[in-house]
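The values are calculated or read from the model by the stated rules, or taken from the named source; none is laboratory data. All of these numbers come straight from a predicted model, not from anything done at the bench. Because the Cβ atoms are built from the backbone with ideal geometry, glycine has one as well, and the counts that use them run over all protein chains shown.
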Protein chains: 2
Amino acid sequence: MNAHHHDHAPKLSRNQNEILSCLRDANEPMSAYAILDRVRKTGISHPPTVYRALNDLMRKGMVHRLQSRSAFVACDHGACDGKFAFAICRACDKVVEISLSDEDQAGLLALAPDEIAPEQVTLELAGLCQSCRPAASA
Amino acid sequence: MNAHHHDHAPKLSRNQNEILSCLRDANEPMSAYAILDRVRKTGISHPPTVYRALNDLMRKGMVHRLQSRSAFVACDHGACDGKFAFAICRACDKVVEISLSDEDQAGLLALAPDEIAPEQVTLELAGLCQSCRPAASA
DNA sequence: ATGGCTGATGATATAACATAACAGCGAGAC
DNA sequence: GTCTCGCTGTTATGTTATATCATCAGCCAT
Ligand SMILES: [Zn+2]
Ligand SMILES: [Zn+2]
Ligand SMILES: [Zn+2]
Ligand SMILES: [Zn+2]
């Protein structure tokens, strides 16, 4: 463990590191079971191990879950604290993480009705990426 | 069931009616399997039947899926055309449907990056409803 | 009427996603 | 040493969703 470098990354366990690396290498959303397949070579071999690490990483903001896909993706920014959204291509599953400004976030929370005091935003925009858009009709 | 809603309703099949009634009666989100349990008495007895009806109803905008809960809820407005969001109590699962104005919707779509042309918004706000909030009634 | 077409439904089987519960192990405290 | 704690491993099961094929009823052309 390299201690005297001042990177601000929280220290991760072996499994958390494996799974985060896997997601970063993939550079696209992966299901928990797809992750499991990829990390079998490192000794991880059961779903709960994967879900534990994913949940820990999500708590740290380093992994996000795409609710509309039941898939997980490494945070583009190392870690986020809740002010993010996603744009997702419905054809090829390409994902772009969107950073929400404080104003964006406030605007979203302001949509909540009086009965519910909102704490957390889940925002996913689905559409088509450039490569998947029909090349001009003929 | 009293059917004094606006009758712009597209005609529904028997199963679609059963399942929509079930969701409207429940007045809260239900999982597909919870729906299945409730409509067994009407003769529906297998998951695909429920999912077929739910998907048809979602296509018609009369049922929405809460992505963060894997649960389904009847549209509060009879039917919506994509401009809705939800606020959800994380303690009691109470759900409030939010109608998005055209401006809200446009604002949300505008968050998408250039690479992805957004078509559809999934927005869910999680928090605590009044009954579930620590009663700080000073 | 017969038979073929179509859309809705029924049924079986299985895939895909997620968690509960308990067992084992290793590092540091004492 | 041995106790405790956090992490990991393992078994078993629960929950959500779909692929696939069979069946049935209405419709309509012949
Ligand atoms: Zn992030
Ligand atoms: Zn694409
Ligand atoms: Zn609605
Ligand atoms: Zn509540």
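Does the stretch B:10-47 hold any residues that are touching a helix residue (DSSP H, G or I) at 6+ places or on another chain (Cβ under 7 Å) and more than 16 Å from DNA strand D (Cβ to nearest atom), and which are they?
B:GLU18, B:LEU20, B:THR42
Taking the options B:PHE72, B:PHE86, name whichever one is within 12 Å of another protein chain (Cβ to nearest Cβ), closer than 27 Å to A:PHE84 by Cα, modelled with pLDDT of 95 or more and out of contact with any Phe, Trp or Tyr (no Cβ under 7 Å at 6 or more places or on another chain). So that I can check it myself, show each step before the final result.
On the way: B:PHE72 fails: within 12 Å of another protein chain (Cβ to nearest Cβ).
On inspection, the qualifying residue turns out to be B:PHE86.
Among the listed residues B:ASP104, B:ASP56, identify the single one that is surrounded by 14 or more Cβ atoms within 10 Å (Cβ to Cβ), more than 24 Å from B:GLU18 (Cβ to Cβ), of a type in the set (Asp, Glu) and more than 9 Å from the chain's Cα centre (by Cα).
Details: B:ASP56 fails: more than 24 Å from B:GLU18 (Cβ to Cβ).
Being surrounded by 14 or more Cβ atoms within 10 Å (Cβ to Cβ), more than 24 Å from B:GLU18 (Cβ to Cβ), of a type in the set (Asp, Glu) and more than 9 Å from the chain's Cα centre (by Cα) holds for just one of B:ASP104, B:ASP56, which is B:ASP104.
Would it be correct to say that B:GLY61 is assigned by TED's automatic domain parsing to the domain that holds B:LEU36 and surrounded by fewer than 19 Cβ atoms within 10 Å (Cβ to Cβ)? Even if it seems obvious, please write down each step before you answer.
Details: assigned by TED's automatic domain parsing to the domain that holds B:LEU36: yes; surrounded by fewer than 19 Cβ atoms within 10 Å (Cβ to Cβ): yes.
For B:GLY61, the condition - assigned by TED's automatic domain parsing to the domain that holds B:LEU36 and surrounded by fewer than 19 Cβ atoms within 10 Å (Cβ to Cβ) - is met.
Hey, any hits in the stretch A:102-109 for a residue that's closer than 18 Å to B:LEU100 by Cα, among the polar types (S, T, N, Q) and more than 7 Å from chain B (Cβ to nearest Cβ)?
yes
Report whether or not A:ARG65 is among the basic types (Lys, Arg) and touching a Phe, Trp or Tyr at 6+ places or on another chain (Cβ under 6 Å). Write out each step before concluding.
Working: among the basic types (Lys, Arg): yes; touching a Phe, Trp or Tyr at 6+ places or on another chain (Cβ under 6 Å): yes.
Here the answer is yes, as A:ARG65 does meet what is asked.
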